[in-house]
Structures are given as structure tokens and as C-alpha cells.
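Here the structure comes first, spelled out in C-alpha cells, and everything after it is commentary.
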Amino acid sequence: MERRPFIAGNWKMYLTLGEAVQLAQAVAATSAACMDRDVMVAPSFTSLAAICAATQGSNLLVGAQNIAWESEGAFTGEISAPMLKDLGVEWAIVGHSERRHIFGENNAMVNRRLHGALNGSIQPILCVGETLADREAGNTFTVLENQVREGLAAVTGQQMARVTLAYEPVWAIGTGKTASKEQAQEVHAFLRQLLANLYEKNIAEAVRILYGGSVKPDNIDDLMAQPDIDGALVGGAALKAESFDRIARFT
């Protein structure tokens with residue numbers, strides 16, 4: 001099955017409002033030239049409204065870096081799906097390794113956030129990934145299976161058409177280390193087979209699985225040549241228009 005490539009930039013806690021809008025406009029120009037693939041940016045919450053307004057009419061996708069599981073209520077510091085939809089945001093990242101390992105979000109909470117997105121007509125990008133200790137202990141596939149099974153609990157096959165998966169080995173995020181193309185492909189193939197076991201083959205074949213972990217202009221082509229890698233969730237290299245442009249224009 002032909003899966004449309006998806007390049008997403010996670011800006012994390014970087015860029016002031018003016019800087020963010022300027023970068024988003026540059027990326028919108030890139031996305032206009034990449035008609036055969038999807039390009040997305042996920043800025044800080046403080047920049048979402050301005051970026052949605054500044055790029056309105058373009059084909060640049062805008063996502064949030066997290067999302068609440070409830071549509072409203074006494075949840076200080078949280079941002080709900082209706083709030084995001086009101087701005088024009090259509091996507092949200094859930095379960096990013098930094099949310100898991102710095103802020104203590106477990107699989108159950110990630111699953112609640114995923115349902116918060118789906119129930120609010122926001123398309124979620126579910127992140128999974130093992131730590132260096134997990135990999136060295138030979139537990140990579142066990143950890144990933146638990147994260148996927150628990151993260152997708154009560155998600156129907158029909159809902160899976162709106163879910164994107166992102167594999168981000170924790171040991172490769174912001175470290176300069178990147179999983180080799182063979183390592184990344186092995187895990188992506190495992191995740192696709194796991195989805196086939198949880199749902200069915202045609203659903204698994206349709207789900208896009210992104211790689212995230214020190215993605216750079218000089219490794220994107222090799223990564224994207226792998227049969228089960230459908231795109232990239234880019235961190236540091238997404239903060240500069242030139243490097244992200246090269247990644248989005250992978251060959």
C-alpha cells in the first residue's frame with residue numbers, strides 16, 4: 001500500500017512568537033513545493049494561534065505538542081481539543097519521550113490523551129521508544145509492545161485511520177546518535193506486524209510510522225529509503241528553515 005510521506009517538526013520549548021511565525025512561514029513555502037508529502041510543525045502553545053493565522057491557506061499542517069484528555073474542566077495548565085480546533089490545529093503529539101521520562105506520563109495517561117485527541121477530532125501522533133538501558137538489556141521489543149498495546153487500548157480499527165505512530169529511541173533523541181537505517185527498519189517492521197496482530201493487515205499497512213531521533217539532512221534519505229519508514233519526527237534540525245527544508249525534500 002502506498003503511504004503518503006509525513007515530515008513533522010517538533011519545536012519543543014524553543015522560539016519566541018516572532019521567531020516561530022517567521023520559521024513557520026518559511027516552512028509553509030517548503031510545504032507548498034512538496035505536494036506529494038505532508039509537512040507539519042508543532043510549535044509551543046503560545047505560538048499556535050499566530051502560526052495558524054500566518055499560514056492560513058497554505059498546505060502546512062500545524063500540530064500541538066500535547067493534548068488534554070478532557071474537553072474542559074479544572075485542569076490547570078492543560079489544553080483541550082476544542083481549544084486547539086478553535087485555532088485551526090488538526091494534529092497533536094502524545095506520549096513523546098520527554099513527556100514520559102521528564103514529566104512522568106505513563107502508558108495509561110498517554111492512552112487517555114490519545115482518546116482526548118480522537119474524541120475531539122484531532123489526529124494524534126503516538127510516540128513510542130525504548131531507553132538505552134532497555135536496548136542494552138534486550139528489552140526493546142517488549143517495551144515497545146507494551147507502549148503500543150496500552151497506548152492504543154480501546155482504539156478501534158476505524159479510529160486507527162486517524163492515528164500516526166512515531167518510533168523515537170530515547171537514546172537517540174538530542175544526543176547526536178541515530179539508529180542505523182537497519183535498526184530503524186527492524187523496529188518499524190516489528191511495529192507494523194504488531195499493528196497487524198492487534199487489528200488486521202490492511203489497517204497495519206495503512207498506518208504511517210515515523211522515525212524520530214537525531215534526524216538530520218545527511219541521514220534522511222537513507223532512512224526514508226526503508227520500506228516501513230514513512231516519515232520523520234524531527235527535533236533540533238526542525239528549528240532551522242534550511243535544514244528542515246532539506247529533510248522535507250528528501251529523495
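The values are calculated or read from the model by the stated rules, or taken from the named source; none is laboratory data. Every value quoted in this text rests on a predicted model; they were computed, and no experiment measured them. Cβ sites come from the backbone with ideal geometry, for glycine too, and all protein chains shown count toward neighbours.
Pull up segment 5-29, narrow it to residues that are among the polar types (S, T, N, Q) and more than 19 Å from the chain's Cα centre (by Cα), then point me to the one that is nearest to V94 (Cα to Cα). Residue satisfying both the conditions and the ranking: T16.
Across segment 205-223, the number of residues qualifying as of a type outside the set (S, T, N, Q), more than 17 Å from the chain's Cα centre (by Cα) and closer than 18 Å to F6 by Cβ comes to 4. Suppose we keep only residues that are in a helix (DSSP H, G or I) and β-branched (V, I, T) within segment 117-145. Which one would you say is surrounded by the fewest Cβ atoms within 10 Å (Cβ to Cβ)? It comes out as T142. Condition check for Q185 on (1) closer than 30 Å to M13 by Cβ; (2) out of contact with any helix residue (DSSP H, G or I) (no Cβ under 8 Å at 6 or more places or on another chain): one failure, at (1).
For segment 196-230, residues that are buried (at least 23 other Cβ atoms within 10 Å of the Cβ) and on the phi > 0 side of the Ramachandran plot total 1. Strands (runs of 3 or more DSSP E) fully within segment 31-111 that include at least 3 residues being in contact (Cβ under 8 Å) with a residue 60 or more places away in the chain, of a type in the set (K, R) and farther than 17 Å from T164 by Cβ: none found.
A Cβ distance below 8 Å, combined with a sequence gap of six or more or placement on separate chains, defines the contacts here; from segment 204-217, residues that are within 19 Å of G9 (Cα to Cα) and part of a loop (DSSP other than H, G, I, E, B) reach residues that are among the basic types (K, R) and at pLDDT below 95 in the pairs G213/K177; S214/K177. For residues that are touching a residue at least 60 places away in the same chain (Cβ under 8 Å), within 26 Å of M13 (Cβ to Cβ) and of a type outside the set (A, V, I, L, M), tally how many sit in segment 218-239. Adding up the residues that qualify gives 3. Of the set (1) modelled with pLDDT of 95 or more; (2) of a type in the set (S, T, Y); (3) within 24 Å of A64 (Cα to Cα), all apply to Y199 but (3). A single member of D86, D36 is loosely packed, with under 13 Cβ neighbours inside 10 Å and more than 19 Å from the chain's Cα centre (by Cα), and it is D86.
Considering only residues that are on the phi > 0 side of the Ramachandran plot and outside any loop (DSSP other than H, G, I, E, B), which ones fall in segment 150-182? Answer for segment 150-182, where residues must be on the phi > 0 side of the Ramachandran plot and outside any loop (DSSP other than H, G, I, E, B): there is none. Among the numbered conditions (1) in contact with a Ser or Thr (Cβ under 9 Å, 6 or more places away or on another chain); (2) under 16 Å from H96 (Cβ atoms), the only one that V163 does not meet is (1).
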